[in-house]
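Have a look at the structure below before the remarks.
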Amino acid sequence: MNEKILKINKVNICTESFGNPKDPAVLLIMGAMSSLDWWDEDFCLLLADQGRFVIRYDHRDLGRSAIYEPGTSNYTITDMADDAVGVLDAYSIEQAHIVGMSLGGMIGQILALRYPDRVFTLTLIASSVFGNEMEKLPPMAQNILDHHAKSASIDWANREAVIPYLADGWKTLAGSKPYEQERMYKLAERETDRAKQLPSRFNHAMLQGGDVYYDRMGEISIPVLIIHGTEDPALPYEHALALAKAFPYAELVTLDGSGHEIHSEDWDQIIDSVAKISSR
């Protein structure tokens with residue numbers, strides 16, 4: 001693992017890389033309010049072992065990247081796509097295989113439209129269509145929203161209160177596969193210890209922009225891989241089916257019993273699928 005703090009679009013972005021820089025590049029883009037830590041280090045190492053140069057990074061307002069005052073809006077989803085390309089530029093990578101989780105998948109869609117020459121393939125994990133079509137699809141489960149509402153009463157200076165809150169947030173996103181409490185607490189501890197200002201994560205709730213890229217998935221002609229759990233409570237499986245219909249060249253990989261998560265039981269299937277598409 002190799003951490004770098006890079007100046008991208010006039011802000012600091014924290015990145016970590018795994019593997020040989022001469023191998024095909026895979027850029028991992030995590031979802032909203034989730035630092036790079038939730039791309040589990042062991043997952044990244046296994047993917048790198050497939051002969052891939054793997055990069056993960058902190059979005060703005062997360063981890064060790066640039067942070068802003070909580071409750072403010074300072075950038076758009078298009079800026080976040082520009083940050084992703086900035087990471088590729090900083091590593092001197094002309095083209096990469098993009099793997100986006102949830103919001104990261106929507107950022108990936110903007111990337112493929114905004115910078116078509118920079119994206120070899122696009123993998124969307126637990127994501128959805130970017131645009132007005134999303135409003136017609138099943139909404140997020142109420143218990144997830146209820147959990148986020150608890151953030152107002154969290155003492156963010158109290159590590160013993162913060163770690164269970166972060167870890168248990170993933171419990172609300174789980175499917176019927178066993179909740180990996182020990183692993184989630186370990187990742188929550190790492191995020192808590194790395195983060196410069198944890199409450200800034202909620203600035204992602206005010207994220208706007210990207211309207212010019214709405215409902216344009218049909219223009220993306222590169223290979224697209226959709227990976228989705230059948231029991232996703234945040235973006236139900238219907239979102240995956242909508243994605244599969246939206247792209248000219250899409251393959252759907254279904255994770256039976258998985259939720260809005262990258263469960264360790266699914267790692268082999270996910271990594272094999274990403275390795276396969278990134279071999280094209």
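Things to note:
- Listed residue (51, 77, 138) projecting farthest to the positive dipole end of the chain, Cβ model: 77
- The stretch 202-280: C-alpha gyration tensor shape, a/c 1.5 cut-off, then a/b vs b/c: oblate
- Normalised by the number of residues in the chain, the average gap of Cα pairs under 8 Å and 6 or more apart makes the relative contact order 21 percent.
- Alpha-carbon centroids, the stretch 244-280 and the stretch 7-67: separation in whole Å: 19
- Among 159, 52, 201: highest mean-square fluctuation, GNM of the chain, C-alpha pairs under 10 Å: 159
- Calculated log₁₀ intensity ratio I(q)/I(0) where the Debye formula runs over C-alpha points of the stretch 33-152, q = 0.17, 0.18 Å⁻¹: -1.04, -1.15
- Amide hydrogen neighbours beyond the local backbone of residue 29, cut-off 5 Å, H modeled: 99, 100, 101
- Per-residue ³J(HN,Hα) for the stretch 24-41, Karplus 6.51 cos²θ - 1.76 cosθ + 1.60, θ = phi - 60°, Hz, x for Gly and Pro: x, 8, 10, 9, 9, 10, 7, x, 5, 6, 10, 6, 4, 4, 7, 8, 3, 4
- Long-range HN-HN contacts of residue 68 with modeled amide H, under 5 Å: 61
- Cα-centre dipole for the stretch 78-133 with unit charges at Cβ (Lys and Arg positive, Asp and Glu negative), debye to 20: 160
- Taking a straight Cα-Cα cut-off under 19 Å and skipping sequence neighbours fewer than 8 places away in the same chain, the lysines within cross-link reach of residue 10 are 196.
- Once the Cα gyration tensor of the stretch 173-221 is diagonalised, semi-axes √(5λ) in Å: 32, 20, 10
- Dividing the alpha-carbon radius of gyration of the chain by the rule-of-thumb value 2.2 N^0.38 Å gives 0.92.
- Of 8, 124, 267, farthest towards positive along the dipole that unit charges on Lys, Arg, Asp, Glu beta carbons give the chain: 8
- In summary, the lysines within cross-link reach of residue 136, defined as a Cα separation below 19 angstrom excluding same-chain residues under 8 places away, comprise 245.
- Taking one quarter of the surface of the C-alpha convex hull of the stretch 1-94 gives a mean projected area of 5.7 nm².
- J(HN,Hα) series, the stretch 127-134, from Karplus relation 6.51 cos²θ - 1.76 cosθ + 1.60, nearest Hz, glycine and proline x: 10, 8, 5, 9, x, 5, 4, 4
- 5 angstrom amide H check on residue 23, placed H, neighbours 5+ away: 53
- The dipole here belongs to the chain: it is taken about the Cα centre, uses +1 on the Cβ of Lys and Arg and -1 on the Cβ of Asp and Glu, and is about 600 debye.
All of the numbers you see were taken from the coordinates with simple rules; none came from a lab. Nothing here was measured: the structure is a model prediction, and the numbers come from that model. Heads up, the Cβs are rebuilt from the backbone with ideal geometry, glycines too, and the neighbour counts pull from every protein chain shown.
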